[in-house]
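The values are calculated or read from the model by the stated rules, or taken from the named source; none is laboratory data. All values derive from a computational prediction rather than experimental measurement. Here Cβ is always computed from backbone atoms with ideal geometry, including for glycine, and neighbour counts include all displayed protein chains. Protein only, heavy atoms only, side chains kept; ligands, DNA and RNA dropped before computing areas. Shrake-Rupley method; radii C 1.70, N 1.55, O 1.52, S 1.80 Å.
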Amino acid sequence: GISVVVLLVIALALPLTAAGNEYWMTVAANIGVYAATAIGLNIVVGLAGLLDLGYVAFLGIGAFTAANLSGAAAAKFDVHLPFALVMVISAVIAGMFGAVVGSPTLRVRGDYLAIVTLAFGEIFVRTAQNNIFGLTGGSNAIPGIPQVELFGTRFSDRIAVAGIQLPAGVLYYLLIVFLVAIVMLVFSHLKESRLGRAWIAIREDEDAARAMGIRTGPIKIMAFLCGATLAGFAGAFFAHKTGTVSYESFRFTESVTVLAAVILGGMGTVPGAVLGASLLFVLPEKLREFADYRLLLFGLALILIMRFRPQGLVPDRHRR
């Protein structure tokens, strides 16, 4: 609880610090998108112990769904739904795909499960690249996604509050902070629920969990469904924030980045995914001044963290 409060205070104070400019607002909003996605993956990997290497595809499904329902010029459907409704529809569709992907995995586990999920991620990328059914725009992507507006104010505009001039994009940043808070609340309630305890039992020993009467098949599908729903939720925000959705944003490397955020932050913890995503985005930006040595220093920093904090930055009490 203390960790969550500290994270919230720091997040709300960020626009008032030296980092309160348009560039860092964009970086912080991207951190929020990947933090929400990482929390969803934390359900699959951290709680249920199911290694998913194609998870970012659900983020892409949510983003492409939002792009096609938001009135973009290149969208397949000529509709312009409200932002809140688009987010709900995107989350539901991504969750449905999560259940579909989870179904074939009931008879596999370990490395074979990782291969199945990796194959799903690659199928999604190739489908989006070839613009099958005209839903993804192919190599041309889907540009021109309208900005979110509230009372005539676009979320990308500069605003002033109590005489304080805030940077452009601060409304998007505050929105993603609110959305991440919702996702964290959902995760924490799921973890402490009967369903969450069943996921943890499957993670520790699936055979023992089945022997104790847990229906492991439907429970595992629920893990994929819940995780995919949260990713689709974040994907809808990502589409409106960037204004363009392309298949290049959802490659295998992005799945690895989200998985690394979960592992570095601490599997099965609420603040861990947020800290992991922040670390993976802030460190490369801060090390940019070292030019050619940036990625080398970034890699060394990750190795040191895993060496001295093997359970993550915020380890789960049970794992610790």
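Just a few scattered comments:
- Where G71 falls short, out of the listed (1) surrounded by 17 or more Cβ atoms within 10 Å (Cβ to Cβ); (2) small (G, A, S); (3) at positive phi: (1)
- When L302, L313 are screened for being out of contact with any Phe, Trp or Tyr (no Cβ under 7 Å at 6 or more places or on another chain), in contact (Cβ under 8 Å) with a residue 12 or more places away in the chain, over 18 Å from Y55 (Cα atoms) and not in a helix (DSSP H, G or I), only L313 passes.
- Taking (1) farther than 30 Å from H318 by Cβ; (2) open to solvent by less than 50 Å² (accessible area, probe 1.4 Å) in turn, F77 satisfies each apart from (2).
- Residues of the stretch 252-277 satisfying the condition of being under 19 Å from R307 (Cα atoms), part of a helix (DSSP H, G or I) and small (G, A, S): A260, A261, G265, G272, A273, G276, A277
- One residue from V262, V274, V256, V245 being under 27 Å from S90 (Cα atoms) and exposed (fewer than 14 other Cβ atoms within 10 Å of the Cβ): V256
- On inspection, V101 qualifies as open to solvent by less than 50 Å² (accessible area, probe 1.4 Å), under 15 Å from M222 (Cβ atoms) and part of a helix (DSSP H, G or I).
- Filter result (outside any helix (DSSP H, G or I) and open to solvent by 10 Å² or more (accessible area, probe 1.4 Å)) within the stretch 33-49: G49
- Qualifying residue in the stretch 17-32 (condition: touching a Phe, Trp or Tyr at 6+ places or on another chain (Cβ under 8 Å), of a type in the set (S, T, Y) and either outside any strand (DSSP E or B) or open to solvent by 50 Å² or more (accessible area, probe 1.4 Å) (or both)): no
- Selection count where residues are of a type in the set (G, A, S) and crowded, with 17+ Cβ neighbours inside 10 Å, scope the stretch 300-320: 1
- Test: residue in the stretch 178-188 that is closer than 16 Å to L225 by Cα and buried (at least 20 other Cβ atoms within 10 Å of the Cβ): yes
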